[in-house]
Amino acid sequence: MKKHYVIFAGLVLMGIFYPRMFPGYLSVAITLLLYAGWATSWDILGGWAGQVSLGHASFVGLGAYFVAVGTSHHEIAPWWAVLMALFAASLVAYLWGRLTFKLKGPYFTLSTIAIAEIFRLVAINEGWLTGGATGVFIMTLPEPFGLDLFSRQVNYYLALAFAAITVLVVMLISRSKFGYQLRAVREDEDSAMASGINPTTVKLKAFMLSGALTALGGGIYAIFLSFIEPHIIFYLLLSVQIALTAIIGGRGTIWGPCIGALLVVGSGEIFRTTFAEANMLIYGLLIMVVVIFMPRGIVGEPARYLIRRVYAKRAQS
Amino acid sequence: MMFDYVSFLQNLSNGVLIGGVYALIGVGLTLVFGVMKIINFAHGDFVILGMYCAVLLNSLLGWDPYLSLLVAMPLGFMAGALLQRLVLSRLMEAPPESSLLVTLGLALVIGNILLLTFGAEPKSVNVSYASSTVSLGKVSFSIILLLAGLATMVVIAGLYTVLNHTELGRAIRATADNRLGAELVGINTRWIEAVVFGIGMALAVTAGVVLIPLLFATPTFSGAIFTLKAFVVTVLGGLGNIGAAIAGGLLLGVVEVMGASYLTSDYRDAYGLLVFLLILLLRPEGLFGKTVKRV
Amino acid sequence: MKKLIAVASMSPWLLAAPTVLADIEVGVINSLSGPFAAFGERYQAGMEVALEEINEGGGVRGEPLVLAVQDDRSEATSALAAIESLNRQDVPLIMGSYASSITGPMAQLMTRQEIPLIVLGSADNSITKPGSPWVFRAKHNSTIVAESYFDYFDFLREQDDSLETVAMLYGNGAWPASLAEEGERLAEERGYEVVGNQSYDQGTSDFRPILNRFRSEEPDLLYVVAYAEDGVAIARQMREVNLNAKAVAIDTGAALPSFIDQVGDLAEYVATVVSWSKDVQYDGVEDLYERLKAKTGEEPTFYEAEGYLALRVAADALERADSLERSDVRNALAETDLDTPVTHVVFESYDGFQGQNPIRSLVLQIQDGEHVTVFPADLAAEEVQYPTPVWDER
């Protein structure tokens, strides 16, 4: 476990110096860090608790809308808005989980799509609350300690902090009692129950944590774009992208979602500039190839291989 | 104000007809799920493929869209079976989400191949009877929707016959119920899965062809919308149950049209989703799904 | 076209090599893949026609003009990355993009980084209202378009003072919603009664419930804002449910030639507002029409024209600028006073807008299977056909 903390510290250090080394590549980096954070948050529910959600755009949207509407319609400072969003997201996740956790496997997944779609329609139609279909601009933000929150550097460090927090949370979980409970529920709810774990409570906690962290990233996303539209922010494809990032990297692993973000966002950016119109085609093919040849994800697959080898050696000796 | 029975009947019949279209889109998805336990995210893009097939045959050979079913259905079946053999069969050992991801990738690939070959411009087939209606008393029915309903019925009847009265159908049902058991009695489940995915794709393609006189084909936009509708339809009824998918489709159509007619159309899609959530709460396995006992 | 994009996307590497030709590079961020590619392709074709014209006429400041094109994959984050990438190439200005969800964030970032932006496609009011000193839009916005429709309605009301009621139907996307908002405001301002006001989610294909409701209200005017796919379905289903109105306007969807192909006779009498049309009474329109048509091999639309317009405006400003420094280019843009076959361009600040060309929009009506300009009168090619006969008499 210690080595994970060493890797973590090294990566954060690298992250801190990145803007000095590549000042012209901040937007891509911000997008990458946001996806890394979202995928890691998603993985708490999707990987560690084993509940695949395709509705996480709702939490991105909650965070983004609290910040955008809060700052531009109600003059609430973004940090208070984010705090409110975290609370709201946990509450939504709680109710959402209460409603749907009795559903298993694909039923749960499909129900998350339905709920997220309802969120999208509410965001579009309730203009008094959200600004409606035409979206919300963030024109001015306060300047805490003289920091311009709109500047790419500040956006970058916010996104870095967000990604770091999510990874740190997952590292703490992975060795905690809660982490073992999550895995027990994922592997077999009935046996988990037999050993005194309440699966619904455990899953609810995971969902609330996952939702709140995703909303945190959503708040930063709103500032990064400084203009949000409900169609884009509550879009099914965003949910799918987040889940995809985590699964491609490797579900239920500490670094999988980050590696996934590197692959998904990085390749997307490279393909965008090199393959012109064919870029999405190549991207789709890449997803298929990775999943077919590495079904447990880029991190998950070698990890499984290593574990197997260790067991094989033990069995030999 | 007096209740307007004529417009109520008109709306109800419209809802049923629209529901028939939804059912046609959903039935292939539910069949594939029932047998292979995978959620096919490319289902809506298969529908779009059917649309482009009709568009292509119409613009090259001047075929009526319904005539192109003769080409589209077998092609769809072969493409589906091939896809299953070449791609999906490789995921047998993989975790269940893998199929979801692969079909998602497949959706991107199909959409963008269409984009590169046909261009992004929406395409359609204009038939002379596109807005014709037949009237029964004061209630009128769209010819296109009636034809779509007819196609749904024919397809469902055919599917029902195959599943219940043929050796192949028995093997398919056996595979759906218990894969291992089916293998033990000598059913080649790998082959069955290829056939099932082929049928699923043929059904989706059929839906596309039937819809083209009504709608536009766009390469990368409407696929996800059809997929979503198919999801709601199948879950409304109960995943993996064909009769239930029909009921789910009809229910969705009626709820949407009634909601849009008597409440507000802003939330049209939400009405279906709300009913869907309600059913989930009361009957987690869907309206007509089998209640699974815990073992 | 593909070749051009390939060259443009390679340009970072080309620039790294010692450049012999001192080409002037202009940044373009356009939706070439993803859901908005249908529009992106058209803008691209229009820009290429303008590019050929400019370079055949000696280029800009005596140098050939080159487009550095970046695809935004129809999403905002890619567009923001593209801005940084073009910024590294030191382009003097950037043109882009189609959707407001992409152009909005672009405008915000480019204002902060002080890079001039010429809006390519987005017509949402919010881009230039309040706008910024760095953002310029030569094409129309929601207010201008909605006003054109209601000017047209007023024009019809002068002939027939029984015109009183309007029913509005629009998609829930940003553009239809903003056009509906403006429409609602104008209806009240000009004394029309709104008897129906319904939106639908994009991807809806069954409009019968809404159209049936409208039929029972018997509106004099129909004001519909719908994209191509939906517009066709709406027109067909209007006939199906027998919904009649004295005048029908369908924005966006009805402006494409494919609308007439797909809807056939049912398209007759439908009016639509565009920024440009092949029969508008401006100098050089026919020539532009021929060149656009030769480029795409299809009937050109206002989308190609707007792409053409954006690059003409860019080239004009670069020619006049004191230097290729961005602040000089911005100043030159602000002083634009340019005549093109698409429209006249000046950038003004008025009514809360900034950097907006108060363009005159055109109302087209579909007559005998053709789009013809019918309003405003001094730019019109034909008379308006009014009223629209009821379906049973057509």
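Observations
- Count of the range C:84-108 residues which are crowded, with 24+ Cβ neighbours inside 10 Å, at the interface with another protein chain (Cβ under 8 Å from one of its Cβ atoms) and of a type outside the set (Gly, Ala, Ser): 1
- Hits in the range C:19-39 - residues which are of a type in the set (Val, Ile, Thr), touching a residue at least 24 places away in the same chain (Cβ under 8 Å) and surrounded by fewer than 24 Cβ atoms within 10 Å (Cβ to Cβ): C:Ile24
- One residue from B:Tyr52, B:Tyr66 being hydroxyl-bearing (Ser, Thr, Tyr) and touching a Phe, Trp or Tyr at 6+ places or on another chain (Cβ under 9 Å): B:Tyr52
- Options B:Gly208, B:Gly243; residue that is surrounded by fewer than 23 Cβ atoms within 10 Å (Cβ to Cβ) and away from chain C (no Cβ under 12 Å): B:Gly243
- Across the range C:66-73, not a single residue is classified as within 20 Å of A:His231 (Cα to Cα) and in the same structural domain as C:Leu379 (by TED's automatic domain parsing).
- Test: residue in the range C:332-346 that is modelled with pLDDT of 95 or more, in a helix (DSSP H, G or I) and buried (at least 24 other Cβ atoms within 10 Å of the Cβ): yes
- Selection within the range A:248-281: residues that are β-branched (Val, Ile, Thr) and in contact with a Ser or Thr (Cβ under 8 Å, 6 or more places away or on another chain). The member of this set that is farthest from the other protein chains (Cβ to nearest Cβ) is A:Ile254.
- Sole residue being touching a Ser or Thr at 6+ places or on another chain (Cβ under 6 Å), within 11 Å of chain B (Cβ to nearest Cβ) and in a helix (DSSP H, G or I), chosen from C:Ala254, C:Ala233: C:Ala233
- Residue check, C:Arg190 charged (D, E, K, R), more than 22 Å from the chain's Cα centre (by Cα) and under 29 Å from B:Val125 (Cα atoms): no
- Against the list (1) outside the structural domain of C:Ala228 (by TED's automatic domain parsing); (2) out of contact with any Lys or Arg (no Cβ under 6 Å at 6 or more places or on another chain); (3) in contact (Cβ under 8 Å) with a residue 24 or more places away in the chain, the condition C:Ile366 fails is (1).
- Test: residue in the range B:158-179 that is of a type in the set (Phe, Trp, Tyr), over 16 Å from B:Ala42 (Cα atoms), touching a residue at least 24 places away in the same chain (Cβ under 8 Å) and surrounded by fewer than 18 Cβ atoms within 10 Å (Cβ to Cβ): yes
- Within the range B:269-281, considering residues that are closer than 22 Å to B:Leu9 by Cα and modelled with pLDDT under 85, the one surrounded by the most Cβ atoms within 10 Å (Cβ to Cβ): B:Asp269
- The helices (runs of 4 or more DSSP H) found wholly in the range A:204-317 and carrying at least 1 residues that are surrounded by 24 or more Cβ atoms within 10 Å (Cβ to Cβ) and of a type in the set (Gly, Ala, Ser) occupy A:236-249, A:256-274.
- Within the span defined as the range A:265-285, one or more residues are touching a helix residue (DSSP H, G or I) at 6+ places or on another chain (Cβ under 6 Å), within 28 Å of B:Ala42 (Cα to Cα) and in contact (Cβ under 8 Å) with a residue 60 or more places away in the chain.
- Number of positions in the range C:276-309 that are free of Cβ contacts under 8 Å to residues at least 60 places away in the same chain, among the small types (Gly, Ala, Ser) and assigned to a helix (DSSP H, G or I): 1
- Of residues in the range C:66-77 being facing another protein chain (nearest Cβ under 10 Å) and closer than 23 Å to C:Glu304 by Cα, the one nearest to the chain's Cα centre (by Cα): C:Ser74
- Scanning the range C:208-230 for residues that are outside any helix (DSSP H, G or I) and in contact with a Leu (Cβ under 6 Å, 6 or more places away or on another chain) yields a total of 3.
- Any hit, the range C:130-142, residues being at pLDDT below 95, closer than 26 Å to C:Asp339 by Cβ, of a type in the set (Gly, Ala, Ser) and not in a loop (DSSP other than H, G, I, E, B): yes
- Taken over the range C:186-207, the criterion of being of a type in the set (D, E, K, R) and modelled with pLDDT of 90 or more is satisfied by C:Glu188, C:Glu189, C:Arg190, C:Glu193.
- Scanning the range B:208-252 for residues that are in a helix (DSSP H, G or I), modelled with pLDDT under 80 and within 30 Å of B:Leu116 (Cα to Cα) yields one hit, B:Ser222.
- Here the range C:180-220 is the region considered, the condition is being touching a Lys or Arg at 6+ places or on another chain (Cβ under 7 Å) and of a type outside the set (Ser, Thr, Tyr), and the residue that is nearest to the other protein chains (Cβ to nearest Cβ) is C:Asp201.
- Residue check for B:Leu100: part of a helix (DSSP H, G or I), within 16 Å of the chain's Cα centre (by Cα), surrounded by 22 or more Cβ atoms within 10 Å (Cβ to Cβ) and hydrophobic (A, V, I, L, M, F, W, C): no
- Residues of the range B:1-53 that are among the polar types (S, T, N, Q), under 16 Å from B:Gly80 (Cβ atoms) and either assigned to a helix (DSSP H, G or I) or free of Cβ contacts under 8 Å to residues at least 40 places away in the same chain (or both): B:Thr30 alone.
- Cross-chain or 6+ apart pairs with Cβ under 9 Å, the range A:27-43 first and on the phi > 0 side of the Ramachandran plot, then at pLDDT below 95: none
- Given (1) among the small types (Gly, Ala, Ser); (2) within 14 Å of chain A (Cβ to nearest Cβ); (3) in contact with a Pro (Cβ under 8 Å, 6 or more places away or on another chain); (4) crowded, with 21+ Cβ neighbours inside 10 Å, index of the condition B:Gly44 fails: (3)
- Filtering C:Val20, C:Val28, C:Val49 for residues that are at pLDDT below 90 and either away from chain B (no Cβ under 14 Å) or out of contact with any strand residue (DSSP E or B) (no Cβ under 6 Å at 6 or more places or on another chain) (or both) leaves a single hit, C:Val20.
- Lone qualifier among C:Arg42, C:Arg112, C:Arg73, C:Arg61 - being in contact with a Ser or Thr (Cβ under 9 Å, 6 or more places away or on another chain), more than 23 Å from A:Gly132 (Cβ to Cβ) and surrounded by fewer than 24 Cβ atoms within 10 Å (Cβ to Cβ): C:Arg112
The values are calculated or read from the model by the stated rules, or taken from the named source; none is laboratory data. Here the structure is a predicted model, which is why all the values come from computation and not from measurement. All Cβ positions, glycine included, derive from the backbone under ideal geometry; neighbour counts span all protein chains shown.
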